[in-house]
1. Please enumerate the residues belonging to the range 278-320 that are surrounded by fewer than 18 Cβ atoms within 10 Å (Cβ to Cβ) and in a loop (DSSP other than H, G, I, E, B).
2. Please tell me if Leu176 is of a type in the set (A, V, I, L, M, F, W, C), in contact with a strand residue (DSSP E or B) (Cβ under 6 Å, 6 or more places away or on another chain) and more than 23 Å from Gly94 (Cα to Cα).
3. From the set of residues in the range 148-162 that are of a type in the set (A, V, I, L, M, F, W, C) and not in a loop (DSSP other than H, G, I, E, B), which is farthest from the chain's Cα centre (by Cα)?
4. Hey, could you check the range 109-135 for residues that are part of a strand (DSSP E or B) and of a type outside the set (Val, Ile, Thr) and say which is surrounded by the most Cβ atoms within 10 Å (Cβ to Cβ)?
5. From the list Leu332, Leu351, which one is touching a residue at least 60 places away in the same chain (Cβ under 8 Å) and either outside the structural domain of Ile70 (by TED's automatic domain parsing) or under 21 Å from Phe268 (Cα atoms) (or both)?
6. Take the range 163-187 and flag every residue that is in a strand (DSSP E or B) and either more than 30 Å from the chain's Cα centre (by Cα) or at pLDDT 95 or above (or both).
Amino acid sequence: MSKNEGIGTPGARVARSFARLLAGAALVTLSGCIVPSDGPLTREVIESGAAGGSSYKIPQSKMVFDVVEIDQRVANSVTTLGTPSLARTFGFGGAGGVPVIGVGDKLDVTIFEAGPDGLFSTTERKSTTIPVVVQPDGRGQIPYVGSVRFAGMTIDTARSTIVDALKAKAVEPDVLVSIAGNESRAVSVQGDVSDAAMIPLGLNAEHLSEVLARAGGATKAPYDTYVTLKRGGRTGTVLLQTIVDNPKEDIIVRPEDRIYVTYDPQTFSTLGQTEKSGKVPFNASSLSLIEAAALAGGGNMTTADPKGYFVFRYENESVYRNVVGDDRFRDLLAKGMTSDGQGRYPIIYRLDLGEPQSYIVAQSFPVRNRDVIYLSRHPATDFGRFVQMITGTVSAVNTTNRTF
């Protein structure tokens, strides 16, 4: 047999294929040494650990949550109870009564005497004005009176106290007390405002919007700006747009309130079989589920399951209890359901767009900031992918046979 005749024999073809395989393996091995890398491989990271080749798996508990069908009752509950409210947290407030003197306040105490050459009068002047700053112990000094505890007094009470102390010392004394600086009746406004500052309150009641205006107002759009009020041990947060739209949320501020204005654009995330996947901005103060579905481009007509629109979120306890009932909520807690750092609990809402009424209900179901909306794939999609995989495999086999 000649050399040319041996080239086409089956044995020769197998030898050539084996040689190509060895050459390819050598190139792959060599590429690991000479091709630049942007980091270690998964295997290399795992092998570098103390476990020596296997990653340590921390025991994890299963997350417990409920899946709730969205109907009109659920939509109404989420809308009514799920909307944050400063009025519910603090009450609207009122005039606040007669203001009192506090620590740090600056007072102008003017003392009059009927006769000349008195303690506080001369032949040219019938009065003397004494500036007083209320000290941390609540007291201030008045000549010939001594230490007076001003903190907690009204203006009239302070005047009467000084007059009574001077009756035996001055000639028919009379006193006027005015507040030159009411440092104790101030609120702090911080964050995304034009002029963050301590804002002193006047004698009349002031609304939250008025205090924000005195701080220069918010620097960003009201539908993407949150206002947080801290008073004592309570905290409430609402959108600035809510205060603008709802006068009941424009509550009366009180001395020592702390107000934080934060720019935090509202967004939701879409995953699954929606036409657009990713983070989507609200660009509005509120958004319904049907509007969110439209912003995501709707569903993929060939792969989406209209019965599987899901909203993943952490829900406030009051809303959760109202939606599932107290008994069901206690049962979930007994099974291990836990809250996040803000006292909210995990829940999944499901909307079946195969039902005509769902398009009406979805108009009143609110989407919240940081919600995740997932549109599941249709079960028939998996069969279609299986057929494509089989078809691709058969095509590859036929190509290989033609090659050899």
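1. Result: Asn283, Ala284, Ser285, Ser286, Gly297, Gly298, Asn300, Met301, Thr302, Thr303.
2. Yes: the conditions hold for Leu176.
3. Ile162
4. Looking at the filtered set, the residue picked out is Phe112.
5. Result of the check over Leu332, Leu351: Leu351.
6. Result: Asp174, Val175, Leu176, Val177, Ser178, Ile179, Ala180, Gly181.
So that you can scan it fast, the table gives a plain yes or no per residue for (1) of a type in the set (Val, Ile, Thr); (2) under 26 Å from the mean Cα position of the chain (by Cα); (3) farther than 16 Å from Arg185 by Cβ; (4) outside any loop (DSSP other than H, G, I, E, B):
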residue: Ser77; (1), (2), (3), (4): no, yes, yes, yes
residue: Leu81; (1), (2), (3), (4): no, yes, yes, yes
residue: Arg88; (1), (2), (3), (4): no, yes, yes, yes
residue: Gly94; (1), (2), (3), (4): no, no, no, no
residue: Pro99; (1), (2), (3), (4): no, no, no, no
residue: Gly104; (1), (2), (3), (4): no, no, no, no
residue: Leu107; (1), (2), (3), (4): no, no, no, yes
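Each row is one residue, and each column tells you yes or no for (1) at pLDDT below 95; (2) assigned by TED's automatic domain parsing to the domain that holds Ser160; (3) over 21 Å from Val100 (Cα atoms); (4) surrounded by fewer than 21 Cβ atoms within 10 Å (Cβ to Cβ).
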{"residue": "Met198", "(1), (2), (3), (4)": "yes, no, no, yes"}
{"residue": "Val227", "(1), (2), (3), (4)": "no, no, yes, no"}
{"residue": "Arg234", "(1), (2), (3), (4)": "yes, no, yes, yes"}
{"residue": "Thr237", "(1), (2), (3), (4)": "yes, no, yes, yes"}
{"residue": "Thr242", "(1), (2), (3), (4)": "yes, no, yes, no"}
{"residue": "Pro247", "(1), (2), (3), (4)": "yes, no, yes, yes"}
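The values are calculated or read from the model by the stated rules, or taken from the named source; none is laboratory data. What you are looking at is a predicted structure, and each value in this text was computed from that prediction instead of being measured. Virtual Cβ from ideal backbone geometry, glycine too; neighbours counted across all protein chains shown.
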